[in-house]
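Reviewing the structure listed below.
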Amino acid sequence: MVLRSIILNQGNLLNRIKITLGIVLLARLGTFISIPGVDQIYFSNELKNSSIFNSFSPILQGDSFLLGVFTLGILPNLNASIAIQLLSSVLPPLKRLTKEGGELGQKKVTKFTRYLTAIIAFQYGLVIAFAIKPYVFGWDFTRAFIIALTLMTGSLIILWLSEIINENGLGNGTSLFIFVNIISFLPKALISFNLNSNLSSKLLAITIFFIGILSIVIVQAAIRKIEVISLKDLAQGVIGDKERFIAFRLNPSGIMPLILSSSLLNLIVVGLNNIKLPFTVGNISNFVYMFGYFLLTLFFSYFYSTITLNPVELSVDLRKKGSSIPLVSPGLATMKLLQEIINRISLLGGLFLAVIVTIPSFLSATNLNFPELRGVSGTSILILSGVAVDLSRQLRTYSIFGSYDSMEIKEL
């Protein structure tokens, strides 16, 4: 008698955890490798007073005011990935390569993204090199080029480490690095919160914090199911035996709208502060910033969702697979229905993101005595919750099913 038993190697999960923790530790240590020739103390004091750094840079760099090799972090790759996705929606050759190229096409797209990451990182490095001119000893064009090249190299190393996590570790490397950067802010934020807040403010902040986390987890897991039927099943009379549906996530764009809106808004704020407009001073600027953040997040969420979810392609795929939506004619009617559904979930998801990222800042700007934690914003909470949920899913998956690479079939 032949018995087949599948033995799952639980050691594979432990190896993935070790690889992930080792790479994260290496990346964090790299943030403290400073670029030589820079007055780090003077630069740190100036940077701490920057509203731009306090609003968004903690997410990308962490609790570090040091201009180091890994200062750019994963930001250039995020921008490159967004640019490639946008170009894929307007350039037919790149679109075909993404949709129909298979594994070879995905490798080429990944290669293009890496090249673009290097270009963007070098441009960022040049901007930083010229911006820190007052803090550099013996500044000249050669030193500026070396600083830009160093920052670009550090960004590419972070990209390489994130890809190792994607292949051999746990979670998404890009999201995990941002997650760790935010976590590095929590100890100081909690100490400041405990010292500078009264009891009522603490209770209000804790209540809003847990409500926010609960709502984020619910929305991130929420899907909109659209039932479909197969012509093959219909012909065989097996309708109802299998549940078939298209699932749309309520927030299909993830954190990309937050990155786009924050980057654009910070550039606008820098420009307005440089020309000294009167409405950029005082509390009015806070509300202008929040209103702009709300609108841009809503816009980019809707825009990004329309790129990732194409009703025309979905309708064509259903027809190719011999499937259709019950009581809806294939073709134009199906496309219109899918477009309406995508518009609704994009609007709801965008509103949710916009509200989550602006409520803490709004409460801090009002007279409610709500404590503001530097580096811990609505965006930070959203990222922390999303990454934590994804990590827990992967941990459960590997602990239950193991890995196909470690699967052995034995005959007894």
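Bear in mind that the values in this text are calculations on the coordinates, not laboratory data. As the structure is a computational prediction, the values presented were derived from the model and not from experiment. Backbone-built Cβ (ideal geometry, glycine too); neighbour counts: all protein chains shown.
Distance between the C-alpha centres of the stretch 86-110 and the stretch 242-264: 20 Å, rounded to the whole angstrom. Here the spin labels are modelled as points 7 Å beyond Cα on the Cα-Cβ line, and at F245 and S192 they lie 4.4 nm apart.
Using 0.36 nm times the number of residues separating F299 and S392, minus their current alpha carbon distance, what extension gain do you get?
Working: separation 93, 0.36 × 93 = 33.48 nm, distance 3.05 nm.
Difference between extended and current length: 30.4 nm.
Starting from the Cα gyration tensor of the stretch 111-232, take the square roots of the eigenvalues, sort them a ≥ b ≥ c, and report rounded, prolate or oblate (rounded when a/c is under 1.5, otherwise prolate if a/b is larger than b/c, else oblate). The partial results should precede the final answer.
Numbers: a/c = 2.98, a/b = 1.24, b/c = 2.39.
Oblate is the answer for the stretch 111-232, as a/c is 1.5 or above yet b/c matches or exceeds a/b.
Sorted from longest to shortest, the spans of the Cα atoms of the stretch 82-173 along the three principal axes equal 52, 33, 16 Å.
Extension gain for the segment D317 to L347, taken as residue separation times 0.36 nm less the Cα-Cα distance, is 8.4 nm to one decimal.
Of K95/K336; K225/K320; K18/K99; K108/K321, which ones are farther than 24 Å apart at the Cα? Please report the intermediate quantities before stating the final value.
Working: K95/K336 22 Å; K225/K320 20 Å; K18/K99 35 Å; K108/K321 27 Å.
As for pairs spanning more than 24 Å Cα to Cα, those are K18/K99; K108/K321.
Using the Cβ atoms and a cut-off under 14 Å, what net charge is assigned to the surroundings of S81, where Lys and Arg are +1 and Asp and Glu are -1? Don't jump to the answer; show the numbers that get you there.
Working: positive: K111, R114; negative: E163.
With Lys, Arg at +1 and Asp, Glu at -1, the net is +1.
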